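Read the structure below first, then the notes.
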Amino acid sequence: MPWEIAILLFTSLPLLISQLQVDAENTFKVAVSSPSDLFYSFQVHNSESDIDALCVGPCFATIEEDFFIVLRNILASRPEVSDIHCVKGAKVPLMRFKFDGISIDLPYARLKVISIPEDVDVFNPFFLKNIDDKSWKSLSGVRANRRILQLVPNVEIFQAVLRCVKLWAKKRGVYGNLLGFFGGVHLAVLSAFICQRHPTASLSALFFIFFKTFSFWPWPTPVVLQDGVAWPFIPTDKVLWMPIQLPCSPYQFCHSNIVRSTFFKIKSEFMRGHMLTKDMLRPEFDWNILFEPFPYPRKYEKFVKIFLSASDKDELGDWVGCVKSRFRCLIIKLEELLGFCDPNPTEYADVDASEPNVVFYWGLPPAMTDMINIGHVEVEFLKSTNNVYQGPTGKLKLSIVQADQLP
């Protein structure tokens, strides 16, 4: 994306939300922080990046009515906005829509104040008193972004490292928090960690050090950025395979969906990166090999096909968003039955199907796939999803397919 467009988008989104205050006739007052998407705010975005904006509201504006109903209807009336979907069942509920063709994720943070200033400071303790857990999670992205930029010794070098790491993660199939892999904040902290430890290293040296460091990292030892302040750490009862600490108080681990299967997939990709980059000083070294797309059809003989459909495009977006928020449960179930599952984050479409649809293909181990009752897995997963989904239920079909049946 040209930088001029990114600047336009940064200015347009807050102006849009500011206008909404007038349109809502003070029923729903809302302010938006600077766009908090890691790769936009770190200036390492590309044409496929989206924006994680943050909607902040006062104590009397509820998420159920004012955010998901009132604000959604106001957004739907704007000509710049399209494809609005409400993801209510996620751990961080949000609205997802397109603004002038750019994908926007908009979670909501409800502060215990009567009014929200336009320049709200998300580090000010006054605004952070007694807020609920979901609001904390919504705020954590903005707070982490700004703190990381304060902690790295060279912002431009950090941006370059993060840009390369993000490209590697997407190409090798280890990017996508809902699928059990890294999210944007994980990659940002890992990149900042390397930059902090080696403040004078070149970009190519930092990229080599990145893979060497995390190939041999003694997980589950947490990755922690140094900020010169000894803050108390808030423990968690959740088992974390790759704990990465947020660089802002309260000092919690980044939300993670990593499970055993995705943990070993990430480790193997770290090691592959290390084995390739250790030869980077040789004249014949080819950087393109490092960024080759993961060869799913060559790696696996069989896949579980996850077919999601709905009667129209709007219902499909809501349905897919809810199902994806429950993917961790499905991955764990397949692990229990087969020992391993590699969820490919890429979304496909079945062009032969009559209804709008989204299809996923997850790699499976060659043994034991004939013994699995995929129909039973489908029924159980659909039941758990319907328990949290509040809209018109779409269709979900699981099946086992061969590698030559992939698109």
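Brief remarks on what is shown
- Heavy atoms of the protein chains alone define the surface here; on that basis segment 38-173 has 43 Å² accessible area per residue at 1.4 Å probe size.
- If you sort Thr262, Thr62 by accessible surface, 1.4 Å probe, largest first, the order is Thr62, Thr262.
- With all protein chains modelled, accessible area of Leu203 [1.4 Å, Å²]: 60 Å²
- Among the listed pairs Lys265/Lys333; Lys134/Lys170; Lys171/Lys299, a Cα-Cα separation exceeding 19 Å is found for Lys134/Lys170.
- Within straight-line reach of Lys98, meaning a Cα separation under 19 Å, sit the following lysines at least 8 residues removed in sequence or on another chain: Lys88, Lys313, Lys324.
- Probing with 1.4 Å while keeping every protein chain in the model, the per residue accessible area of segment 258-348 equals 46 Å².
- Derived scalar couplings ³J(HN,Hα) [segment 386-398; Karplus, 6.51 cos²θ - 1.76 cosθ + 1.60; whole Hz; x for Gly, Pro]: 5, 5, 10, 8, 10, x, x, 5, x, 9, 9, 9, 10
- Residues Arg326, Arg163, Arg282, Arg172, ordered by accessible area of protein heavy atoms at a 1.4 angstrom probe radius and largest first, appear as Arg282, Arg163, Arg326, Arg172.
- Debye equation applied to the C-alpha atoms of segment 145-294, log10 I(q)/I(0) at 0.13 Å⁻¹: -0.57
- Sulfur and carbon atoms: percent of accessible area, segment 309-359 [1.4 Å]: 47 percent
- Long-range Cα-Cα pairs in segment 166-219 (distance over 19 Å), rounded percent: 29 percent
- The eigenvalues of the Cα gyration tensor, multiplied by 5 and square-rooted, give segment 291-336 an equivalent ellipsoid with semi-axes of 25, 16, 11 Å from largest to smallest.
- Distance histogram for segment 342-407 (every C-alpha pair counted, 10 angstrom bins, percent rounded to whole numbers): 16, 45, 34, 5
- The alpha-carbon atoms of segment 112-204, seen along their principal axes, cover 50, 33, 21 angstrom, with the largest extent given first.
- Here is the size of segment 266-317 from its Cα atoms: Rg then Dmax, 18.5, 55 Å.
- When DSSP beta bridges are restricted to pairs lying wholly in segment 64-218, around 90% turn out antiparallel.
- Carbon/sulfur fraction of accessible area - segment 46-148, other protein chains in place, 1.4 Å, %: 50 percent
- Against the criterion of solvent-accessible heavy-atom surface with a 1.4 angstrom probe, Val174, Val155 sort, most first, into Val155, Val174.
- Residues with amide H under 5 Å from that of Phe181, placed H, sequence gap 5 or more: Gly176
- Gyration tensor verdict on segment 49-166 (Cα atoms; rounded if a/c is under 1.5, prolate if a/b is larger than b/c, oblate otherwise): oblate
The values are calculated or read from the model by the stated rules, or taken from the named source; none is laboratory data. Since the structure is predicted, the reported quantities are computational estimates derived from the model, not experimental observations. Areas reflect the complete protein model, heavy atoms only, side chains present, ligands, DNA and RNA absent. Shrake-Rupley method; radii C 1.70, N 1.55, O 1.52, S 1.80 Å.
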